[in-house]
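In what follows, a structure is listed as structure tokens, so that the remarks can point back to it.
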Amino acid sequence: MKKKKIIIIISIALVLVICAAIPIIFYSEKHDHFKIKNGHNIVLVSLKKYNDSCYFLFAESYLKNKKIFTSSWRLNYPVYHFEVGDIDNNGQEDIAVGVVKSTYYDKVVRKRPFFFTLENGYIIKLWTGTSLTFPLENFRIVKSNGVSYLRAIELERDHKYLVAEYLWNGFGFRSYKYLSREINLNQAYKLLDN
């Protein structure tokens with residue numbers, strides 16, 4: 001057990017050195033942390049900002065109110081969104097992070113949705129895909145009639161927006177339905193948050 005604690009302490013120290021020891025500033029769009037039940041443990045999931053392009057996801061696992069270990073995942077990109085929800089409809093909360101980056105297949109720097117899951121308290125990549133159908137503006141995980149959807153605002157032609165819902169299909173998303181098309185950004189955000 002002491003060896004695990006030493007490894008965790010060394011890992012945290014390395015994180016601080018790697019990010020130039022810039023003071024921790026919590027990311028906050030609406031929340032900076034979430035509590036998730038993962039098996040018998042409670043996991044506190046947080047996103048911490050070290051600079052504009054260095055964020056870390058942390059998953060601190062607790063058993064009977066005692067912290068037993070911490071898992072982390074480094075994100076070397078600006079972050080614009082952070083939430084939890086059961087995106088793959090398996091009964092377990094997943095972690096959603098919106099990042100701004102290019103990809104191997106798309107060299108344009110764009111907003112992208114990343115999803116992670118927790119396995120025994122450890123952060124595991126679920127999906128870090130390139131895009132949905134159109135360029136992404138923002139997204140939310142919404143639940144309706146017991147089913148979770150990825151609801152997204154996407155940029156259409158002529159600077160108009162659409163709001164679409166996607167369903168998880170095992171590895172990625174399939175289009176489910178359009179809530180509205182060819183609308184302005186304010187209208188799109190009203191539908192996103194509704």
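Things to note:
- In summary, strands (runs of 3 or more DSSP E) completely within region 111-194 and bearing 2 or more residues that are of a type in the set (Phe, Trp, Tyr) occur at 122-127, 161-168, 173-183.
- Complete set of residues in region 60-82 that are under 20 Å from Gly39 (Cα atoms) and either of a type in the set (D, E, K, R) or not in a strand (DSSP E or B) (or both): Glu60, Lys64, Asn65, Lys66, Lys67
- Odd one out for Ser72, checked against (1) in contact (Cβ under 8 Å) with a residue 40 or more places away in the chain; (2) crowded, with 19+ Cβ neighbours inside 10 Å; (3) more than 29 Å from Gln187 (Cα to Cα): (2)
- Qualifying positions in region 126-173 - without any contact (Cβ under 8 Å) to a residue 24 or more places away in the chain and closer than 25 Å to Ser61 by Cα: Thr128
- With respect to (1) touching a Phe, Trp or Tyr at 6+ places or on another chain (Cβ under 9 Å); (2) within 23 Å of Ile42 (Cβ to Cβ); (3) open to solvent by 60 Å² or more (accessible area, probe 1.4 Å); (4) modelled with pLDDT under 95, the lone exception for Lys125 is condition (4).
- Val108 vs. criteria open to solvent by 20 Å² or more (accessible area, probe 1.4 Å), of a type in the set (A, V, I, L, M) and part of a loop (DSSP other than H, G, I, E, B): yes
The values are calculated or read from the model by the stated rules, or taken from the named source; none is laboratory data. Everything quoted here is computed from the prediction, not taken from an experiment. When we count neighbours, we look across all protein chains shown, and the Cβ atoms used for this are built from the backbone with ideal geometry, even at glycine. Note: accessible area is taken over every heavy atom of the protein model, side chains too, but ligands, DNA and RNA are not part of it. Shrake-Rupley method; radii C 1.70, N 1.55, O 1.52, S 1.80 Å.
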